[in-house]
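Participant: Okay, here's the structure, questions in a sec.
The values are calculated or read from the model by the stated rules, or taken from the named source; none is laboratory data. In this text the structure is predicted, and so the values were computed from the model without any measurement. As a convention, Cβ positions derive from the backbone with ideal geometry for all residues, glycine included, and neighbour counts pool all protein chains shown. Surface accessibility is based on the protein's heavy atoms, side chains included, excluding ligands, DNA and RNA. Shrake-Rupley method; radii C 1.70, N 1.55, O 1.52, S 1.80 Å.
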Amino acid sequence: MELKQLLDRGIDEQLANEILNLAKNDLKDMVPRSRLNEETSKNKSLNDTVTALNSKIDTLTSNASDNAELNSIIEQLKTEKDNLQKSYNASLDEMRINSAVESALRDAKAKNIKAVLPFINKNDLRLTEDKTRVLGLSEIVKDLVEGEDTAFLFEGKNTTKIDGIEPKETNVKPNEKPKNEWTYEDWVAEIERQNK
């Protein structure tokens, strides 16, 4: 929802801004449905794999606890399970960082979030231990908003200055009669006025 859409529906600007602020606060921590479905699918797949590996480990452990070959298979499966868990956690952290970056850019009033994303090195961003905040994000966004090369990507930060020649002022007033009523003297005065 954008301010223009609300204004087109006859809502005054102050009320429209209040509605947008309330909507932004409600949507701040929301994840798009497609990403949620994708991550839910990944999560289910990883959980199914981990469950299957745990089942294999338990079966092998109970059947042959002293067999060296089976013990090596068990260790291999444990390593595989740990790698899958790390992959799942990394995927979840990446989703959290992406969501926080998009939210921060929305709050900074980026004109086009996809256009601003290439300016953000996500490798420099880290989640806090409780995984609720992204360290360094606010500084990066602030630098982008205030940056000379990137300020144009954000609303209200237009620093474009147009230089040029100012028109010459004259004391002669143009003829105020309709051109079809002009006399020869009126035409001569107009041409002289334009040539000054």
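Participant: List pairs: first residue in the stretch 122-141 and small (G, A, S), second residue in a loop (DSSP other than H, G, I, E, B) and crowded, with 16+ Cβ neighbours inside 10 Å anywhere in the structure, Cβ distance under 9 angstrom, at least six positions apart or on different chains.
Facilitator: As it stands, the answer is G136/L125, since those pairs meet every condition given.
Participant: With the structure loaded, tell me whether A90 is within 30 Å of N43 (Cβ to Cβ), open to solvent by 40 Å² or more (accessible area, probe 1.4 Å) and either modelled with pLDDT of 85 or more or not acidic (D, E) (or both) or whether it fails that test. Spell out the reasoning first.
Facilitator: Values: within 30 Å of N43 (Cβ to Cβ): yes; open to solvent by 40 Å² or more (accessible area, probe 1.4 Å): yes; either modelled with pLDDT of 85 or more or not acidic (D, E) (or both): yes.
Here the answer is yes, as A90 does meet what is asked.
Participant: Output the residues belonging to the stretch 35-60 that are modelled with pLDDT under 80 and under 28 Å from the mean Cα position of the chain (by Cα).
Facilitator: Within the stretch 35-60, R35, L36 meet the criteria.
Participant: For the stretch 172-180, indicate whether the set of residues that are in a helix (DSSP H, G or I), at pLDDT below 85 and not basic (K, R) is non-empty.
Facilitator: Narrowing the stretch 172-180 to residues in a helix (DSSP H, G or I): 179-180.
Add one more test, that the residue is at pLDDT below 85, and what stays is 179-180.
Still in the list and also not basic (K, R): 180.
Looking for residues that are in a helix (DSSP H, G or I), at pLDDT below 85 and not basic (K, R), one finds at least one in the stretch 172-180, hence yes.
Participant: Just to verify a result, which residue in the stretch 88-142, among those that are of a type in the set (S, T, Y) and part of a loop (DSSP other than H, G, I, E, B), is nearest to L36 (Cα to Cα)? Full working, then the answer.
Facilitator: Filtering the stretch 88-142 for residues of a type in the set (S, T, Y) gives 88, 91, 99, 103, 128, 132, 138.
Those left that are additionally part of a loop (DSSP other than H, G, I, E, B): 128, 132.
Values: T128: 22, T132: 18 Å.
Step by step, filter the stretch 88-142, then rank; the result is T132.
Participant: Which residue pairs have Cβ atoms under 6 Å apart, sit 6 or more places apart or on different chains, and have a first residue in the stretch 167-196 that is surrounded by 10 or more Cβ atoms within 10 Å (Cβ to Cβ) and a second that is at pLDDT below 85 and in a loop (DSSP other than H, G, I, E, B)?
Facilitator: T170/K196; D186/N175; E190/N175; R193/V172
Participant: Return only the number of the condition from (1) closer than 27 Å to E148 by Cα; (2) free of Cβ contacts under 8 Å to residues at least 40 places away in the same chain that N89 does not satisfy.
Facilitator: Only one criterion in (1) closer than 27 Å to E148 by Cα; (2) free of Cβ contacts under 8 Å to residues at least 40 places away in the same chain is unmet by N89, namely (1).
Participant: With the requirement that a residue be surrounded by fewer than 12 Cβ atoms within 10 Å (Cβ to Cβ) and of a type in the set (A, V, I, L, M, F, W, C), what does the stretch 28-59 give you?
Facilitator: M30
Participant: Moving on. Open to solvent by 40 Å² or more (accessible area, probe 1.4 Å), at pLDDT below 85 and closer than 25 Å to E38 by Cα, is that true of T159? Show your work before the answer.
Facilitator: Details: open to solvent by 40 Å² or more (accessible area, probe 1.4 Å): yes; at pLDDT below 85: yes; closer than 25 Å to E38 by Cα: no.
When the stated conditions are applied, T159 does not pass them.
Participant: Filter the stretch 100-132 down to the residues that are open to solvent by 70 Å² or more (accessible area, probe 1.4 Å) and touching a strand residue (DSSP E or B) at 6+ places or on another chain (Cβ under 7 Å) and list them by number.
Facilitator: K109, K111, R126 - these are the residues of the stretch 100-132 that are open to solvent by 70 Å² or more (accessible area, probe 1.4 Å) and touching a strand residue (DSSP E or B) at 6+ places or on another chain (Cβ under 7 Å).
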